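Input: a single structure, listed below in structure tokens.
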Amino acid sequence: MKRATSPASASPSRARAGDDSRASHDPSFYEAVLGSIGEAVYVRDLGRKLIYMNRAAERMTGWSIGDALARPCHAVFGDEGAQCNKACPVDRAIGLGESIEHREGSIIRIDGKSVVVRASISLFEEGGAVAGAVVVLKDMSELREQEKTNVKNLLVLERTQRELSEQVEEIKAARLEIARERTRLVDAIESISEGFVLFDADDRLALTNQRFLELYAPLAHLYAPGTPYKDIIRGLAESGLIGEARGRREEWIAERIARRKNPGAPIQRQIGADRWLLINERLTSDGGVVATYTDVTQTKRAEQALRKSEQRFRDFAEVGSDWFWETDAEHRFTYLSRHDDPVIDALNRSSIGNTRVDLCPPRDRDQETWRAHIADIEARRPFRNFEYSREASDGTTRFVRVSGKPLFTDDGSFVGYRGTATDITEQVAADQALNRLNEELEQRVEERTRALAQELDQRKRTERELSQKSALLEATFESISEGFALFDKDDRLVFCNAIYRRLAAQPARNFEPGVPFEDMVRAAFENGRFDYGEGDMEACVRARMAHHRDPHGNLELRTSTGEWILIVERKTADGGIALVQTDITDIKQAEEERRLAQARLIDAIECLPASFVLFDKDQRLVLANRLVKDFFPPVTDMLTPGVSFAALSRRIVESGWIVDAEGREEEYLRQYLERDRRAPVQFEARLADGRTLQFIEQNTSDGGMVGMRIDITERKSTENALVAAKESADVASRAKSDFLSRMSHELRTPLNAITLYTQMLIEDAEAIGAEQSASDLRKVDSSAHHLLKLIDEVLDISKIEAGTLGIDARELDLGELLAGCIDLVRPLAKNRGVTIENRTPESGEPRVWADETRLRQVILNVLSNAVKYNRDNGVVSLEAIAQMPDTVRVTVSDTGIGIPAEKRHEVFEPFARLGAECSRIEGTGVGLTISRDLIRLMGGEMGFESTLGEGSAFWIDIPRAT
Ligand code: ADP
């Protein structure tokens, strides 16, 4: 280790100051020296303070001298120790007091890069002690790099040598291999299926394999080893077996020879008529030519067939509307087959080089179909029937339908699409027309649907109304009193009402809608509902069904329980049948009763002791009983219903059967037939057989006529006898009346004298007080008056009987007359204490039409009877009331003894006194007889009512004055 011994050497400036020998050198000299050397130099003190650094150090560290000098040396040159946790070598050298030579290390530049350096550290002293160190750093980077390169080169050299020796070995082996290879090659050449020919660099035949000689069998002789190529070619040309040389031999030879140095693509050669070879020639590396011959006859044939087929397809394509197309990997059209349509063909021609998308009108590209198509071709998927439009040069739009499949090479790379296309412009136009038609159709369908819906609505409404109506109808039918059932055109039940169900008497299931009528008939028959008689059931069902299917007239059926059902069936408009069932049991019974009554009547008419005829309103005979034939033999043969009244009458009259018509038949007939028949007719006629008939004819309410002829022959003779008797009685009666009249007169005169003289004698006797005589005389007087009254009454009776009593009727005030009568009777009543009450209204009294004297006589008789036959202090009441229509009834009531029932019939008999004759009540018993006769003569009537012990009420009806 060396150490600087001069402290002055610690600093260049000090070294210069302390060393005169060097003092001749200006410090700037050292500065210049240090600054110009290539190694970096820096000086530091013990405190690591950087005292100096040169330019080279500046370059090495990247620090400028100015910046660096103020800093610790570690900050500028790095601290190797700090980096590797060891003490800094400079510190260590200082610590050891030894300089260090050529120590390898590294410093860190200001930019952080590391620089490999070899450091030489020299210590300097001041005052005998180490004061710092001078460090010289040599940049070792390049040197190190060079060393590395040298090592590498050495390694390469070694490897190259190794490889060379290996190659030498390989070459040796290769040569061996080549020799073996050649053998194998020759073997291989012999074994390959292709023909093989090798020419050497001098173009002489070197080698052929067996396959080649087979292929070139007719020309194999030309291929002797060593034969120059040109000779072989000529031989081939001249053989005439080479198709391509025919007719151009020299030309072909020249072509073949020219091709020798540049074989190019394989060629095909036709040998003979039907052999095709593919010849592939290649130059060999040694200037020879090798050629392989592949028999492509089959391929060629297939190719020819394919070509033909392709041509056929092209022809088909070109004559049809379709065309073929091909696109490349970028979807540009590379091929489009020809098309007959010049517009399409022009479009196709102009498409070459463009993609389908390029040709698409921009407006279409956003369509869904286009997006799908683009997605298909981008994914290289096959596509079918994609349709799009193209704008033709003539301005029309052409529609195309295309299908395509992607093409890939054997190694799977996509080379484009191939496909077909069809012009569907016409079809589209047709489709559009069809669409329009469809739309129209749809519209029409829609309209029709709407109309149908409306119709349906209407129908529903109608159905609803119908169902309401039918409900109403059903309700109506339910409420009618007849059985009703409706059957449809298939004769199945539609509806029936409750009454029908009751009358039909069937199991409930037979009233379900849809039940055939025949089932109901059969059920009714089977359950014995209807009395079909003795016949076979099926025959009865058939008969009923026959009537049902062809309804005519009404059907009356008798049930087994004796009811009668009337069935009326009618065809309905829709071919069904409406059936109405009515329970006519009552009617039937009434009819039966009527029939019986009629039979009774006819029996009665037959039993009549008179002939009986009935004519209808047209005067045609309806009925004649047996006696008609008896009475009128001339019309026996005519008595059938319908014969006219006139014809019968004429036959009877003209036959001379009516005696009264003899000799004047026509007149008689005319009078008889033409007389007014409104009033009943009654007359008598004598018959030619001597009988006398009474003819009685009367109109019936329906405009007809009944006639009866009664045999009155006997009665007539009796009548005649009676008339004779009456006439003689009348003579006797008149004689009696005359006698009575005379007698009365004769009796009355002396009786009047008696009463007159008796009255005078009574007065005389009273005057002298001869009471006994007076009393006796009064009795005489009374008897005489009684007798006079009796005579008057007998006279009245005889006058009445003789019909000679005159009635002088006139209008009378009845009230006045009644009041007068009451006044006359009042003294008699007073004697008995009887009260007389007149209840006749005073005003508006009824006026009557009567003989005043005779009416007074009647009223007085009845009024005096009421007093006479009353009890003491009884009551008599009198009342006059106007009666409808034209009478006035006077009623006289009493509270007397009454009249026993058994004697009532005697009340109006002459001289009947009903027991009063035994009493002290005076009377003659003829008063009431005369009274009734008088009232009747005045056109009135008289009667009475009586209760024994309670009283009687006598009434008199008098004609009312109008
Ligand atoms: P006479 O002169 O007897 O009254 P009439 O002819 O007047 O005769 O009556 C006949 C008879 O009828 C009477 O004798 C009397 O018996 C009976 N008679 C008449 N009027 C009444 C009467 N008001 N009450 C009861 N009996 C009567």
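The values are calculated or read from the model by the stated rules, or taken from the named source; none is laboratory data. Treat the numbers as computed from the prediction; the structure is a model and nothing was measured. Cβ placement follows ideal geometry from the backbone for every residue including glycine, while neighbour counts extend to all protein chains displayed. Heavy atoms of the whole protein, side chains included, go into the accessibility calculation; ligands, DNA and RNA do not. Shrake-Rupley method; radii C 1.70, N 1.55, O 1.52, S 1.80 Å.
E852 meets each of the listed conditions (1) closer than 19 Å to I930 by Cβ; (2) more than 16 Å from the ligand (Cβ to nearest atom); (3) open to solvent by less than 40 Å² (accessible area, probe 1.4 Å) apart from (3). Taking each residue of segment 361-375 that is among the charged types (D, E, K, R) and looking for partners that are surrounded by 11 or more Cβ atoms within 10 Å (Cβ to Cβ) with beta-carbon atoms closer than 7 Å, six or more apart or interchain, yields D364/W370; D364/Y388; D364/S389; R365/V357. Of all the listed residues (I233, I192, I271, I253), the sole one being touching a strand residue (DSSP E or B) at 6+ places or on another chain (Cβ under 7 Å) and either modelled with pLDDT under 90 or of a type outside the set (G, A, S) (or both) is I271.
The single condition among (1) surrounded by fewer than 16 Cβ atoms within 10 Å (Cβ to Cβ); (2) more than 8 Å from the ligand (Cβ to nearest atom); (3) closer than 18 Å to S864 by Cβ that R932 does not satisfy is (1). For segment 839-848, the condition holds for no residue, the condition being that it is of a type in the set (D, E), in a helix (DSSP H, G or I) and more than 16 Å from the ligand (Cβ to nearest atom).
Among the listed residues R522, R501, identify the single one that is out of contact with any Lys or Arg (no Cβ under 6 Å at 6 or more places or on another chain), within 19 Å of I584 (Cα to Cα), without any contact (Cβ under 8 Å) to a residue 40 or more places away in the chain and not in a loop (DSSP other than H, G, I, E, B). Working first, answer last.
Working: R522 fails: within 19 Å of I584 (Cα to Cα).
Going through R522, R501 in turn, just one is out of contact with any Lys or Arg (no Cβ under 6 Å at 6 or more places or on another chain), within 19 Å of I584 (Cα to Cα), without any contact (Cβ under 8 Å) to a residue 40 or more places away in the chain and not in a loop (DSSP other than H, G, I, E, B): R501.
Listed by position, the strands (runs of 3 or more DSSP E) inside segment 654-750 whose residues that are touching a Pro at 6+ places or on another chain (Cβ under 7 Å), open to solvent by 50 Å² or more (accessible area, probe 1.4 Å) and without any contact (Cβ under 8 Å) to a residue 60 or more places away in the chain number at least 1 are 692-699.
Considering each residue of segment 858-865 in turn, none proves to be away from the ligand (no atom under 15 Å from the Cβ) and among the β-branched types (V, I, T). Looking only at residues in segment 801-840 that are without any contact (Cβ under 8 Å) to a residue 12 or more places away in the chain and not basic (K, R), which one is farthest from V892 (Cα to Cα)? Only one residue tops the list, namely G803. In the set G923, G927, G940, only one residue is away from the ligand (no atom under 11 Å from the Cβ), of a type outside the set (V, I, T), under 20 Å from L860 (Cβ atoms) and crowded, with 17+ Cβ neighbours inside 10 Å; that residue is G940. Consider segment 943-962 and keep the residues that are more than 30 Å from G806 (Cα to Cα) and assigned to a strand (DSSP E or B). The one that is farthest from the ligand (Cβ to nearest atom) is T947.
Within segment 193-217, residues that are in a loop (DSSP other than H, G, I, E, B) sit with their Cβ atoms under 7 Å from residues that are of a type in the set (D, E, K, R) and open to solvent by 30 Å² or more (accessible area, probe 1.4 Å), at 6+ positions apart or across chains, in these pairs: S193/R211; E194/R211; A201/D286; N209/E190. For segment 558-578, state whether one or more residues are open to solvent by 50 Å² or more (accessible area, probe 1.4 Å), in contact with a Ser or Thr (Cβ under 7 Å, 6 or more places away or on another chain) and farther than 30 Å from F517 by Cα. Looking for residues that are open to solvent by 50 Å² or more (accessible area, probe 1.4 Å), in contact with a Ser or Thr (Cβ under 7 Å, 6 or more places away or on another chain) and farther than 30 Å from F517 by Cα, one finds none in segment 558-578, hence no.
Taking strands (runs of 3 or more DSSP E) as the structural unit, those lying wholly within segment 326-410 and holding at least 1 residues that are within 17 Å of I424 (Cα to Cα) and open to solvent by 40 Å² or more (accessible area, probe 1.4 Å) correspond to 383-391, 397-408. Among residues of segment 916-929 that are in contact (Cβ under 8 Å) with a residue 24 or more places away in the chain, those with a Cβ under 7 angstrom from a residue that is within 6 Å of the ligand (Cβ to nearest atom) and part of a loop (DSSP other than H, G, I, E, B), sequence gap 6+ or separate chain, pair up as A916/G923; I921/Y869; G923/R913; L928/V907. Here segment 875-919 is the region considered, the condition is being away from the ligand (no atom under 12 Å from the Cβ) and part of a loop (DSSP other than H, G, I, E, B), and the residue that is surrounded by the most Cβ atoms within 10 Å (Cβ to Cβ) is D886. Take R269 and tell me if it is over 16 Å from T284 (Cβ atoms), part of a strand (DSSP E or B), open to solvent by less than 70 Å² (accessible area, probe 1.4 Å) and among the basic types (K, R). Taking the combined requirement at face value, the residue satisfies it.
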